[in-house]
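In what follows, a structure is listed as structure tokens, so that the remarks can point back to it.
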Amino acid sequence: MPDDDGFDPTERSEYELTRSANIIVPMPLLRKARVCGALALLGSLAAPLVATLPAAVREANFAGPPATTSLGVAAVALAGTVAAGGAGLGLAALQRRLARGPEPADDAVWTLLAVEDALTGVGFVTGGLGVGVGLSLLASGHWGVEALDALRRNGVEPYLSLSTVPVTPRLVTAVALAVGLAVLAATVVVDRE
């Protein structure tokens, strides 16, 4: 049966055939990198989320402006943002290496596939969880003081101040914008090569 796209399996390289049969997340490398870039960009919501907290929540939980307060959960969001961004840049670099050639030898094929899977896991899992959990906890004050009290009864302190690690929501937003845009720009550059 002919394929409408004009796809001919005999035109695929040995690497592409091995990759299609063994890769965990079957997406093109640049698409994975763009997903990682989007996850990193989501981290830029940290400062707006805490800046728009209701007045009752701000008064009960913060001595100063929430966006400039060092928070433990902001460190979680920052770690997720950096993981997603780093993985996205790594995936873009891997695509660039494959596009420039030469085609990898047998041993190198498995190494490149392992690197791709590792970067995908770091970006999607570590990055996604870090950004998702961090932003969810930063936003938890939007449900009111009662919701925060319920979280605390269950052992979760969303606005725990950290003096040892000066990570503020404003810093998370700045890093997320820089890293996310860098990943997306890198994918555009690699795609045009």
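Once every DSSP H run of n ≥ 4 in the chain is given -39500 (n - 2.57) and the sum is divided by its residues, what mean residue ellipticity at 222 nm do you get, rounded to the nearest 500 deg cm²/dmol?
On the way: 9 runs with 126 residues, N = 193.
-21000 deg cm²/dmol, from helical runs alone.
Place a point 7 Å from the Cα of E14 along the Cα-to-Cβ direction; which residues of segment 81-123 have their backbone N under 15 Å from it?
102-113
Calculate, in whole percent, how much of the Cα-Cα pair population of the chain lies beyond 22 Å.
54 percent
Could you tell me which helices of the chain pass both thresholds, a Cα extent of 15 Å or more along their own axis and a mean Kyte-Doolittle hydropathy of at least 1.6, with helices taken as whole DSSP H runs?
Details: long enough: 29-42 (20 Å, 1.27); 72-100 (42 Å, 1.02); 106-121 (23 Å, 0.53); 128-139 (16 Å, 1.92); 169-192 (34 Å, 1.65).
Qualifying helices: 128-139, 169-192.
What does the accessible area of T111 come to, in Å² to the nearest 10, when a probe of 1.4 Å is used?
80 Å²
Using the beta-carbon distance between A185 and S136 and R0 = 25 Å, what value does 1/(1 + (r/R0)^6) give for FRET efficiency, to the nearest 0.05? Let's see the in-between values first.
Numbers: r = 28 Å, r/R0 = 1.12.
Efficiency, rounded to the nearest 0.05: 0.35.
Rounded to whole Å and sorted largest first, list the principal axis extents of the Cα atoms in segment 146-193.
If we take the Cα atoms of segment 146-193, the spans are 54, 23, 14 Å.
Can you give me the C-alpha center-to-center distance between segment 49-82 and segment 125-183, rounded to a whole angstrom?
Segment 49-82 and segment 125-183 have Cα centres separated by 7 Å.
The values are calculated or read from the model by the stated rules, or taken from the named source; none is laboratory data. Given the structure is predicted, the values throughout are model-derived calculations rather than measurements. Note that we place each Cβ from the backbone using ideal geometry, even for glycine, and neighbour counts take in every protein chain shown. To get the accessible areas, we keep the full protein, side chains included, count just its heavy atoms, and leave off ligands, DNA and RNA. Shrake-Rupley method; radii C 1.70, N 1.55, O 1.52, S 1.80 Å.
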